[in-house]
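Let me begin by presenting the structure, written as structure tokens, before commenting on it.
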Amino acid sequence: MVTAHAASGKKLFLHLLWKEAVLPSGPFFAFVPCRHKHKKKWATTTPRMPSTRLALQVFDMNYGVQFGSLWPSIRIGLLSEQKYGALVNNYSDAQKVTEHLEEMHAVDFIWESQNVVQDPDSVAKHDASKPNSSPETWTKPSEPQARLFPSFCTSISPNIKCYTFPKGDISLFHPARPDILGILGYYLLDAASVLPVLALNVQPDDLVLDLCAAPGGKTLALLQTGCCRKLAANDLSVSRTGRLHHVLHSYLPKELCNIVRITSWDGRKWGDLEKNTYDRVLVDVPCTNDRHSVIEEDNNMFMRMRKGERQMLPMLQLELLVAGMRAAKPGGNVVYSTCSLSQLQNEYVVERAMELLAIQYDINVQVEDLSYFRKCFQNTFSFYPDCRLGELILPHLTANFGPMYFCKLHRLN
Ligand SMILES: C[S@@+](CC[C@H](N)C(=O)[O-])C[C@H]1O[C@@H](n2cnc3c(N)ncnc32)[C@H](O)[C@@H]1O
């Protein structure tokens with residue numbers, strides 16, 4: 001049963017959500033004509049506002065306040081061509097693939113972050129002829145630096161390799177080609193999508209749940225760690241799980257597909273279906289998908305007919321996060337992520353989930369500090385410096401990745 005406290009929290013949450021998701025900016029409201037007498041004609045002749053424009057109006061109103069003087073540069077980033085990363089497929093001929101990517105002057109940003117740990121100035125002195133970043137050639141940070149960045153040393157999987165073009169370089173990757181066995185060498189994705197997976201820090205033999213997995217970029221990154229004993233990859237949408245199947249079959253050998261269980265269930269039910277089960281859970285929720293919303297009319301969350309769905313997004317996100325936390329074992333870790341800049345879909349969801357878990361399920365949760373990500377990956381991404389909980393990657397013309405919000409939660413009991 002939801003307590004009065006949780007119910008009033010939900011009410012305030014819904015009110016704030018309504019304000020953010022529904023209200024367009026002032027001028028739009030000021031000139032809405034009266035609908036009397038000729039209602040039919042009015043309805044048929046008034047031009048429809050494109051969803052992308054409505055999205056931008058809502059963002060201008062909300063993010064202008066949330067980010068202040070940073071908003072104009074984030075806005076230009078959102079409206080400009082995004083940058084990609086090439087996630088190397090360790091199940092293909094990875095050596096050949098990394099050589100090819102390095103010939104194009106792309107760099108493995110995860111490898112580069114090791115240089116930041118060892119010597120913050122060394123990235124500026126980066127030499128494109130560095131050897132391949134295979135796990136065998138991985139060098140451990142020296143003792144004093146290990147003390148400076150303690151979590152980093154134990155929490156970045158050396159097996160994940162993701163190549164990007166350096167800051168300011170807007171070159172594009174070619175689509176990956178299949179090798180002789182028909183396996184693709186790399187997967188193109190927003191490089192910021194790899195950060196939630198790195199934050200999850202999968203350990204050897206872990207049982208892993210990817211609650212909202214399709215089309216599968218993060219699932220594939222989770223599998224590159226080589227650490228999953230079993231991986232449950234779920235997505236409510238049957239058509240999108242079809243895409244997930246296709247991605248996994250194009251990138252993994254058949255034997256490995258056996259450790260993956262793909263389902264199309266409602267993730268909100270997971271807390272009841274398989275509670276206290278997983279070592280690691282990724283909750284990469286549906287969101288306003290801000291970059292997509294200002295660029296593409298297709299499948300846009302700001303379409304008129306999706307207004308109700310949009311209004312209910314933070315509630316859905318909250319339920320998915322609570323289900324993911326309940327599916328984790330006591331002592332397990334969960335990463336919550338979105339590709340939105342909205343505080344209502346990011347920090348507020350995390351805060352409400354922590355309250356609800358404590359009140360309704362007697363589960364205590366601790367937010368893990370990920371601020372070392374900011375130091376390690378500063379040469380690749382533009383981080384928002386004022387995130388209260390978790391980390392947020394901001395789109396920026398010189399490093400046009402994201403938005404990507406991620407927050408790591410540790411289940412205490
Ligand atoms: C941001 S996308 C996930 C992207 C994916 N993790 C990746 O990296 O490719 C969110 C996904 O949540 C799915 N979804 C929406 N409602 C859901 C629910 N109730 N349970 C599970 N999945 C849901 C959507 O179909 C969508 O594919």
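Taking all protein chains into account, the per residue accessible area for the range 79-411 stands at 41 Å² (1.4 Å probe).
With a sphere of radius 12 Å drawn around the Cβ of Ala221, what net charge do the other residues whose Cβ falls strictly inside it have (Lys, Arg +1; Asp, Glu -1)?
Combined, the nearby Lys, Arg, Asp and Glu give -1.
If you take the Cα centroid of the range 333-407 and the Cα centroid of the range 67-85, the two points sit 18 Å apart.
Taking the accessible area of the range 161-257, probe 1.4 Å, and keeping the other protein chains in place, the carbon and sulfur fraction comes to 60%.
Which order do the peptides 386-397, 193-204 come out in when sorted by mean C-beta neighbours inside 10 angstrom, highest first?
Details: 386-397: 21.2, 193-204: 23.2.
Averaged packing, sorted descending, gives the order 193-204, 386-397.
With 10 Å bins beginning at zero, the pair-distance distribution over Cα atoms of the range 79-411 amounts to 6, 26, 36, 25, 7, 0 %.
Computed extension length for Arg304-Arg261: 11.9 nm, one decimal, from 0.36 nm per residue of separation with the Cα-Cα distance subtracted.
Step through the table entries Lys83/Lys307; Lys275/Lys408; Lys230/Lys275; Lys161/Lys275, compare each Cα-Cα distance with 23 Å, and write down the pairs that go over it. Too far apart for the 23 Å limit: Lys83/Lys307; Lys161/Lys275.
The values are calculated or read from the model by the stated rules, or taken from the named source; none is laboratory data. The shown structure was predicted, so the numbers you read here are calculated from the model rather than taken from an experiment. Cβ atoms come from the backbone with ideal geometry, glycine included; neighbour counts cover every protein chain shown. Only protein heavy atoms, including side chains, enter the accessible area calculation; ligands, DNA and RNA are left aside. Shrake-Rupley method; radii C 1.70, N 1.55, O 1.52, S 1.80 Å.
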